[in-house]
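Worksheet: one structure, shown below.
Nothing in this text is a laboratory measurement; each read-out follows from the coordinates by a stated rule. Remember, it's a predicted structure, so these values are computed and weren't measured experimentally. Reconstructed Cβ throughout: ideal geometry from the backbone, glycine too, with neighbour counts over all protein chains shown.
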Amino acid sequence: MENTQQPIISIKNLRKNYGEKQVLKGINLDIFPGQVIGYIGPNGAGKSTTVKILIGLISDFDGDVFMYDKNIKDDIISIKSQIGYVPETAEIYDVLTPLEYLDFIGKLYGMEEDDIATRATKLLTAFGIGANADQRMDTFSKGMRQKVLLISGIIHNPKIIILDEPLSGLDANAVIMVKELISLMAKEGKTIFYCSHMMDVVEKVSDRILLINNGEIVADGSFEELKAGGDQTLEKIFAKLTGKEEGNRDAADVLSALS
Amino acid sequence: MFNRYIINFVLLFKSIFEKFGVDPEQLRIILTIKMKMDDRRPNVYNQQRQKKKKEVNNASWLVMFFLGLTGLFFTFLLASLKQPFLAHTVYFSAFMVMLAVTLISDFTNVLIDVRDNYIILPRPVSDRTFTISRILHIGIHTAKMAFAISISGVIYSFIGEGIFSGLVFIIEVLIATTLSIFFVNITYLIVLKITSPQRFKDFISYFQIFLSIIIFAAYYTLPRLIESSILKGIDLTQARILIVVPSYWLAALHELVVNIKTTQFTTYIYAVLAVLSPIISLYLVVKVLAPGFNQKLSSISASGDDGVIVSSEGKGASKGFVNSIAKKVAPHPLENAGFKITWLLSSRYRDFKVKVYPSFAYVPVYFVYFGFINKRGVSLSENWNNLLEGRMYILLMYLTGFVLTTVLQHISMTEKYKASWVFFTTPHNEPGRILAGMFKAVVVKYYLPYFIAIGAFSIFFWGPAVINDLILVFMVGTLYGLLVALFQVKGFPFSQPPNNQKGGKMFITFLIMAVPAALGFLHYWAAQWEIAIWIAAAIMTIITWVSFNYYRKESWESMELAD
């Protein structure tokens, strides 16, 4: 895919150490508007760290990260207003009702109270929990909370959206809805970062797949491009690139431990 | 390591267990692991180690140590009250209350652990074994606590009053312990019958609040009361009302056994009651209460999932009382967000309420302490008249600042602190605004109403001349609150884990406290000149306003995301 546009996110030689351990060993990436990036990798590979750096939760790193041509170290505030972040089943102040919580978040995004209320009600209804808009969230199921979290990540209409396992806890209908939502948002020119362990979803949803292992990007391309290596599923590609092709052997080990 | 000996002791009764269909080996396994978990549990005494992320391994010993200290205090009471019945009645009342309080808090979280339903019950363990393991766990736990509290009393009885007295004392302790368990059990069941599981948790919290207040008041007033004229006149054998108090029965038992020749007939009756009551209550606990008990309790702990749905009925986030106040007091969007979140969360987080609400009652207690108890040989009404003529109201007003600072110290802490990640991913550059909103909420919600109440009280008794003092004190209190907020409150509202106070700042705490203390003394001295007070009030208002603006401008440097 040729891109003559400017990259919306540009990461140059990003490194991050936690004490002795080097978690990110030099990431170089250019991301263009309207792309849906599937960001995958084994646990501990550096996925969450990259994400946290992008949204400004970690400000102590080496290398440069540019968004809209601005270095995030210079102007993190205006950048935060353009990004939406939905963490994986994160904590929320669940003694609040969805409307109260969204009012709070919206105000932190600098939105007007009435705008927040209108948009929040519409979004809650669209996600199917309009009837629970005034109920305290401590009795909500995991799926309902996840929906509120999703809304809180997009309520300010950001141009870049980072989703971390957004389908976790959602039932089949909601899953279909969110997948459709992602593709609609991409068509509108929004850039979506989709982190997940669900290989089959990532296959179908992303334009471009980034595989990170041990702090380095080891694969970068569309699913078709990656398949050219001979494997038919993303699962297999993942296993090969992260050196775990012997998944079958591990499983056999478990069984032999039991006898 | 002691746990092993305790469990071995319990398992001496193996044959009895087997006869009842309980598997002793499974019993051993469950008890061992439960006691190990008790030892590792973080509690209010080992926060220091917890903070440094070191392993906690002797939590129960720590708790026992502190209970032992409390027991020592009780023993002191025992020794200093010379009247026969009084000493034991007071001691055992205190003992039973202390034990019941410790048990009630532990019951809900420790002793009835919901996770057992998922971890133990799916495995091949019979219901009987499981129930007995529960009962034994509770029993061992309670025995440890009771032992810690009573040990000093037992030693005192042996040494001070002879072997015989000591032995009887031990029996009294056993009876008192059994009765305490019984009472806790009964209370739980009654409350459960009346209310729903969700309300029950609220009940426990309010009960804890109530008890903290009582203990606080007792701590301050009892030592004085003992010496004062009030108590010397009491001869308990005449007090009808105490008949229903079990500690009275225990005292009777002691009296009977130790002074067998001089006791009255009525004492015999009470002593018999003392011996019978534990047997009856044990029977009731095991046969009647225990079976339904566990199910009811597991429904409490699990009630987070399918409990009562609380709705705010269409108010959304823009209507209602709180919202109108918020709009008027904190119109700036960031301040508004900080204001509302502080107000809403402080109303709804139970752990916050339990820590903060008792401070409201501490103020009257302090007032009584400073105003009344210190004066010896003066009757109550004389004392009151003296106060009215003096300037004690100033002290009362300054004490209200205590409420403000207590709330501020807890406002940034909660168990669910992780939800505060949103403060750091949203694009706002004036965190001070959020803090300002938080401060306003605290003042408007807690300090102002309480101050108005105390103010009304003062005006009623001391006349309208105190109005200028009220203004001055309010400003000083608010200024003190601002200082505390600036230097001691770290982070956004409800964004830090509990017990996260940085202890090394004791010096700063005292330094900050010096400000209102000094101003208070000045005020007291200057209160005679009304004009001076008015001027001071005006100056203070300006200073406070300026300080508030400074606070509002606080920047990101002091904000940290708690891991």
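A few comments on the model shown:
- Sequence-distant residues sharing a close amide H with residue A:212 (under 5 Å, placed H): A:40, A:41, A:218
- Normalising the average separation of contacting C-alpha pairs (under 8 angstrom, six or more residues apart) by the number of residues puts the relative contact order of region B:321-558 at 30 percent.
- Förster-model FRET efficiency, 25 Å R0, residue B:6 and residue B:127, C-beta, rounded to 0.05: 0.55
- Estimated FRET transfer efficiency (residue A:25, residue A:91; beta-carbon r; R0 45 Å; 0.05): 0.90
- Considering only B:470, B:488, B:513, the residue lying farthest towards the positive end of the dipole of region B:321-558 is B:488, judged by Cα position with unit charges set on Cβ.
- Here the relative contact order of region A:132-259, from alpha carbon pairs under 8 Å that lie six or more residues apart, stands at 15 percent.
- 5 Å binning of all Cα-Cα separations within region B:321-558, expressed as whole percents from 0 upward: 1, 6, 13, 17, 18, 16, 12, 8, 5, 3, 1, 0, 0, 0
- Residues of region A:147-173 with amide N under 13 Å of a point placed 7 Å along Cα→Cβ from residue A:180: A:173
- Spin-label model distance (nm) - residue B:117 vs residue B:429, 7 Å beyond Cα toward Cβ: 5.1
- Net charge of the neighbourhood of residue B:181, taken over other residues with C-beta under 15 Å away and scored Lys/Arg +1, Asp/Glu -1, is +2.
- Backbone amide hydrogens, once placed in the peptide plane, bring residue A:162 within less than 5 Å of A:84, A:85, A:86, A:193, excluding anything fewer than 5 places away on its chain.
- Average beta-carbon neighbours from other chains, 10 Å sphere, peptide A:130-141: 4
- One Cα centroid belongs to region B:539-558, the other to region B:455-482; the line between them spans 22 Å.
- Integer Hz, Karplus 6.51/-1.76/1.60 couplings in order for region A:208-218, x for Gly and Pro: 9, 10, 10, 10, 10, 9, 6, x, 10, 7, 10
- Net length available on complete extension from residue A:77 to residue A:220 is 48.5 nm, with 0.36 nm assigned per residue and the Cα-Cα distance removed.
- The order of the peptides A:44-51, B:208-215, B:91-98 by mean Cβ neighbours within 10 Å, most packed first, is B:91-98, A:44-51, B:208-215.
- Charged neighbours of residue B:404, selected by a Cβ distance under 14 Å, balance to +2 (K, R count +1; D, E count -1).
- Protection proxy ranking of B:406-417, B:541-552, B:152-163 - average other beta-carbon atoms within 10 Å, highest first: B:406-417, B:152-163, B:541-552
- Part-to-part distance (alpha-carbon centres) for region A:81-127 and region B:332-363, which is given in Å: 21
- Take every DSSP beta bridge whose two residues both sit in chain A; close to 55 percent of them are antiparallel.
- Pairwise FRET efficiency - residue B:216 versus residue B:170, Cβ, R0 = 41 Å, nearest 0.05: 0.85
- With both labels modelled 7 Å from their Cα along Cα-to-Cβ, the residue B:467 to residue B:535 distance reads 2.1 nm.
- Rounded to the nearest 20 debye, dipole of region B:321-558 from Cβ charges on Lys, Arg, Asp, Glu: 760
- Here the mean projected area of the convex hull built on the C-alpha positions of region A:167-259 is 8.2 nm².
- Per-residue mean of C-beta atoms belonging to partner chains within 10 Å, peptide A:45-55: 1
- Note on B:418-424: average number of Cβ atoms from other chains within 10 Å of each residue's Cβ is 6.
- Computed extension gain for residue B:147 through residue B:545, at 0.36 nm per residue and net of the alpha carbon distance, reaches 137.8 nm.
- Neighbour counting of Cβ atoms within 10 Å sorts the residues A:80, B:36, fewest neighbours leading, into B:36, A:80.
- Filter on A:21/B:553; A:179/B:416; A:190/B:490; A:16/B:340; A:52/B:416; A:147/B:490 - keep pairs with C-alpha separation over 27 Å: A:21/B:553; A:179/B:416; A:190/B:490; A:16/B:340; A:147/B:490
- Separation in nanometres of the label points that stand 7 Å from Cα toward Cβ, at residue A:188 and residue A:6: 2.3
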